[in-house]
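What follows is one structure encoded as structure tokens, with my remarks underneath.
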Amino acid sequence: MLLSSIFYIVVLLISGCSPAPAPSKALPDFSLTAVTVDGTSPFDLRTLRGRAWVADFVYTRCAGPCPLLTANMAGLQKNLPKEIGLLSFTVDPDHDEPEVLTLYARKFGADPQRWFFLTGEKAELIRLVRDGFLLPVAENAAAQPGERFAHSTKFVLIDADARVRGWYDGDDRAALDKLAADAKRL
């Protein structure tokens, strides 16, 4: 068994390929609203199953890294196979209502068949980011109504069984290239 595993790794390295990252734990159940340029629909854990996804965390009135992250997600939309879905979770759900997210999706040319902007209750989003995607969230994140919560600039790869497969710097070209290669292997 050990020899066959070593042989497999050597073959992958010689061929220039590497296996997709090992799965992490499955995401917890959740219920959010998906927004596209075509409208809104419910979005939950069952919706994730059966398709690989790339997720990021942004807000529409961000003057920092969010426009770059969203532009990089638009680049992934062009370069990844259509079977791979894209998810942009808002970290400012009090402001980023469906109408606002629709305009944002339109601004970045989001394909309504594969790129969904997700919003919902702030507590639900915080729980999912912290406990599902295993990304840091400030302890008092939900304390201030009307305020966004701190977010990561990581992109997250999710497999067809709704398990996290990896975290990638959303503002780093080499990391995004690795994400694209890993996503194609799922």
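State whether one or more residues within the range 128-137 are surrounded by fewer than 21 Cβ atoms within 10 Å (Cβ to Cβ), at pLDDT 95 or above and under 12 Å from the mean Cα position of the chain (by Cα). Checking the range 128-137: not a single residue is surrounded by fewer than 21 Cβ atoms within 10 Å (Cβ to Cβ), at pLDDT 95 or above and under 12 Å from the mean Cα position of the chain (by Cα). Within the range 49-65, the residues that satisfy the criterion of being among the hydrophobic types (A, V, I, L, M, F, W, C) and surrounded by 15 or more Cβ atoms within 10 Å (Cβ to Cβ) are Ala52, Trp53, Val54, Ala55, Phe57, Val58, Cys62. The criterion of being more than 18 Å from Leu157 (Cα to Cα), hydroxyl-bearing (Ser, Thr, Tyr) and not in a helix (DSSP H, G or I) holds for Thr60. Could you tell me whether Thr36 is at pLDDT 95 or above, under 23 Å from Leu135 (Cα atoms) and of a type in the set (Ser, Thr, Tyr)? No.
Screening the candidates Leu68, Leu87 for the property of being surrounded by fewer than 21 Cβ atoms within 10 Å (Cβ to Cβ) and touching a residue at least 24 places away in the same chain (Cβ under 8 Å) yields one hit, Leu68.
When Gly109 is tested against (1) within 19 Å of Val156 (Cβ to Cβ); (2) part of a loop (DSSP other than H, G, I, E, B); (3) at pLDDT 95 or above, only condition (1) is not met.
Taking the conditions exactly as written (over 24 Å from Ala63 (Cα atoms), at pLDDT 85 or above and in contact with a Phe, Trp or Tyr (Cβ under 7 Å, 6 or more places away or on another chain)), does Lys178 satisfy them or not? Yes.
The values are calculated or read from the model by the stated rules, or taken from the named source; none is laboratory data. Bear in mind that the values here come from a model prediction, so they are computed numbers and not experimental data. Positions of Cβ are generated from backbone atoms using ideal geometry, with glycine treated the same way; all protein chains shown enter the neighbour counts.
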